[in-house]
Amino acid sequence: MRIILFGPPGSGKGTQAKLLCQRLNLAHISTGDILREAIQRQTPAGLEAKPYVVSGQLVPDELVNRLVADRFRRSDRPERFILDGYPRTRAQAVALNEVLGEQALDLDATVLLKVSDDEIVRRLGRRWICPVCQTPYTAPGQCTQGHGALTQRDDDQEETVRRRLAIYHQNMVELDAYYRDKGLMKDVDGVGDIETVYQRILEVLRAKA
Ligand code: AMP
């Protein structure tokens, strides 16, 4: 199974991607995670990406495309995977199409998690994260894995969230058209508890298989 998961920031996309990966044994490729790790390790790519990530802007296509293409061109490239947070622009979709074509890896489906902007702003205001294991929580406190105090991401401030949502919608118009034209795009209602949304995703993937 090779899937792209789309959805606004805070739609539960990351959580659903992790569940799908665990249960269907897929590699989880999240450009947000790749970028945050590069920033933490202060690699050249991380230093270049940092100002964009911190202010909630998109990192330039060329940099993100390079990081993703590197993953697929390695000898241990993923065969079955979920892409989460990538592609974010039409130019990224075109670059991805090229690298997947070159590697003979066809996509099975693209899934669009639908959640309204107001619901997203409410959710992200309540999002707390363990800075060590990245587990999300809905209230401040300590990580249950013993990693210490939870923090809020810099890019979860309301103003930044609204800016990220505006960018998301702007780019999603072209991405939606791109993958709908290929017959790959499946809509899923993203409002509900984690297990309910997960079952909805499985349904559209089964219908596809
Ligand atoms: P995420 O965790 O997916 O919400 O990503 C966090 C931040 O990383 C975004 O706000 C962007 O600054 C950056 N980022 C992640 N994926 C991409 C991408 N595909 N293209 C450009 N920037 C990205």
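So the values come out like this:
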item	result
Unmet criterion (only one of (1) open to solvent by 30 Å² or more (accessible area, probe 1.4 Å); (2) among the aliphatic types (A, V, I, L, M); (3) at pLDDT 90 or above) for residue 115	(1)
Qualifying residue in the stretch 172-190 (condition: open to solvent by 90 Å² or more (accessible area, probe 1.4 Å), within 16 Å of residue 108 (Cβ to Cβ), aliphatic (A, V, I, L, M) and outside any helix (DSSP H, G or I))	no
Some residue of the stretch 99-107 being loosely packed, with under 13 Cβ neighbours inside 10 Å, of a type outside the set (Gly, Ala, Ser) and in contact with a strand residue (DSSP E or B) (Cβ under 9 Å, 6 or more places away or on another chain)	yes
Residues located in the stretch 71-102, provided they are part of a helix (DSSP H, G or I) and away from the ligand (no atom under 14 Å from the Cβ)	72, 73, 97, 98, 100, 101, 102
Top-ranked residue in the stretch 54-64 [being open to solvent by 30 Å² or more (accessible area, probe 1.4 Å) and within 9 Å of the ligand (Cβ to nearest atom); ranked as nearest to the chain's Cα centre (by Cα)]	58
Test result for residue 12, under 28 Å from residue 160 (Cβ atoms), within 10 Å of the ligand (Cβ to nearest atom) and not β-branched (Val, Ile, Thr)	no
Scan of the stretch 1-48 for residues that are outside any helix (DSSP H, G or I), free of Cβ contacts under 8 Å to residues at least 60 places away in the same chain, open to solvent by 20 Å² or more (accessible area, probe 1.4 Å) and more than 24 Å from residue 207 (Cβ to Cβ), ordered by number	41, 42, 43
Residues that are part of a helix (DSSP H, G or I) and modelled with pLDDT under 95, drawn from the stretch 52-64	52, 53, 54
Hits in the stretch 122-153 - residues which are under 17 Å from the mean Cα position of the chain (by Cα) and either more than 25 Å from residue 34 (Cβ to Cβ) or open to solvent by 60 Å² or more (accessible area, probe 1.4 Å) (or both)	134, 136
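The values are calculated or read from the model by the stated rules, or taken from the named source; none is laboratory data. Every value quoted in this text rests on a predicted model; they were computed, and no experiment measured them. Cβ atoms come from the backbone with ideal geometry, glycine included; neighbour counts cover every protein chain shown. In case anyone asks, the SASA skips ligands and DNA or RNA and just uses the protein heavy atoms, side chains included. Shrake-Rupley method; radii C 1.70, N 1.55, O 1.52, S 1.80 Å.
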